[in-house]
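What follows draws every value from the coordinates through simple rules; no lab data is involved. Keep in mind that this is a model prediction, so the values were computed, not measured. A quick note on method: Cβ atoms are made from the backbone with ideal geometry, for glycine too, and the neighbour counts reach across all protein chains shown.
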Amino acid sequence: MRAFQLAYDGTGYRGFQRQPHGETVEDTLFDALAALDVELVDGVPPGYAAAGRTDAGVSARAQTVAFEAPAWLTPRAFNGELPADIRAWAYDDADEFHATYDATERAYRYFRYGPGSELDADRAAAACEQLSGAHDFHNFTPDETGTERDLSASVERDEAFLVFEFRAGGFARQLVRRLVSAIVAVASDERDLSFLDRALADAPLTGGDGIAPAAPEPLVLLDVRYPGLDFTVDETAAASARAVFDRRRRERLAGARVAGTLVPDGDG
């Protein structure tokens with residue numbers, strides 16, 4: 001069994017998990033393996049599993065997939081058939097391993113634009129502290145089971161952004177994005193901290209108190225931890241990933257400047 005760590009820009013995909021309609025990251029992985037003549041059974045490599053199922057628009061730095069792979073399939077070989085916005089960059093081998101169930105911690109990072117005049121970092125930090133710990137997060141996910149989690153939530157101010165980080169053994173659907181929405185509501189003074197007590201209580205939130213998920217594009221699956229695995233970085237593959245995503249970073253910075261020039265200046 002070989003495990004690969006993948007970085008991908010998810011903004012152009014319909015999510016990670018393959019589905020009947022729309023291009024997904026998983027579809028693209030399987031297409032690349034087919035092009036490389038790696039054994040597939042009904043389109044899937046034997047023993048295949050993934051660390052998480054990121055939503056449409058969500059990106060990853062260390063998504064982990066594992067399957068029965070030939071010894072020659074290194075990250076750089078994998079990248080030979082992958083598009084530039086998906087890069088394998090590290091790998092490790094294990095006899096008995098499941099990428100989903102053997103993960104002991106997953107970490108997500110969310111970038112929320114909001115200058116200090118809009119979002120108060122101290123209020124955001126107080127909300128993160130209140131949400132941290134073991135809770136039933138049934139009001140933060142559409143899932144009906146698996147809603148109890150032991151969460152670590154934190155936030156830092158980085159210029160005009162609040163950068164949130166969430167760590168837990170696993171995450172229910174949309175949990176991170178709804179946590180961000182709730183924290184931002186507190187940070188903007190739209191809600192007070194007592195709202196979080198209600199959200200963590202047994203009673204369901206209804207009507208206008210329901211928590212909608214924040215936008216997916218600022219969310220990144222940052223890290224996945226496995227005991228006993230020691231990933232080897234393929235330096236050539238990692239250099240390719242750095243070059244690809246640094247180029248995308250510069251393109252988006254330029255795009256932000258262009259968008260800024262389109263805003264009327266109010267002088268008539």
> Listing Ser117, Ser59, Ser154, Ser240 from the residue with the fewest other Cβ atoms within 10 Å to the one with the most, what is the order?
Replying inline: Ser117, Ser154, Ser240, Ser59
> Whose amide H sits under 5 Å from the amide H of Thr100, counting only residues 5 or more places off or on another chain, with H placed in the peptide plane?
Replying inline: Ala50
> Once you charge only the Cβ atoms, +1 for Lys and Arg and -1 for Asp and Glu, what is the size of the charge dipole of the stretch 105-220 about its Cα centre, to the nearest 20 debye?
Replying inline: 300 debye
>> Which residue fluctuates most in the GNM of the chain (Cα springs below 10 Å): Glu235, Glu68, Glu190?
In response: Glu190
>> Taking the beta-carbon count within 10 Å as an exposure proxy, list Arg14, Arg257 from fewest neighbours to most.
In response: Arg257, Arg14
>> What do you get for the angle between helix 25-35 and the principal long axis of the chain? Use alpha-carbon atoms, 0 to 90 degrees, nearest ten.
In response: 10 degrees
>> Between Val38, Val176, Val220, where does the largest GNM mean-square fluctuation fall for the chain, given springs only between Cα atoms within less than 10 Å?
In response: Val38
> Per-residue ellipticity at 222 nm for the chain, helices alone: DSSP H runs ≥ 4 residues times -39500 (n - 2.57), over residue total, nearest 500 deg cm²/dmol?
Replying inline: -8500 deg cm²/dmol
> Whole number please: convex hull volume per residue of the Cα set in the stretch 105-220, in Å³?
Replying inline: 91 Å³
> Gap in Å between the Cα centre of the stretch 219-254 and the Cα centre of the stretch 25-73?
Replying inline: 17 Å
>> Could you identify which residue out of Leu29, Leu205, Leu219 has the top mean-square fluctuation in a GNM of the chain using Cα springs shorter than 10 Å?
In response: Leu205
> Quick one: helix 121-131 against the long Cα principal axis of the chain, what's the angle to the nearest 10°, folded into 0 to 90?
Replying inline: 70 degrees
> Over the chain, with a single point scatterer placed on each C-alpha, what log10 of the ratio I(q)/I(0) does the Debye formula yield at q = 0.08, 0.10, 0.15 1/Å?
Replying inline: -0.37, -0.57, -1.14
> Which is farthest toward the positive dipole end of the stretch 21-180 among Ala50, Thr74, Leu151, measuring Cα position about the Cα centre, with Cβ charges +1 (Lys, Arg) and -1 (Asp, Glu)?
Replying inline: Leu151
> Can you give the angle from 0 to 90° between the axis of helix 175-187 and the longest principal axis of the chain, with both taken from C-alpha atoms, to the nearest 10?
Replying inline: 30 degrees
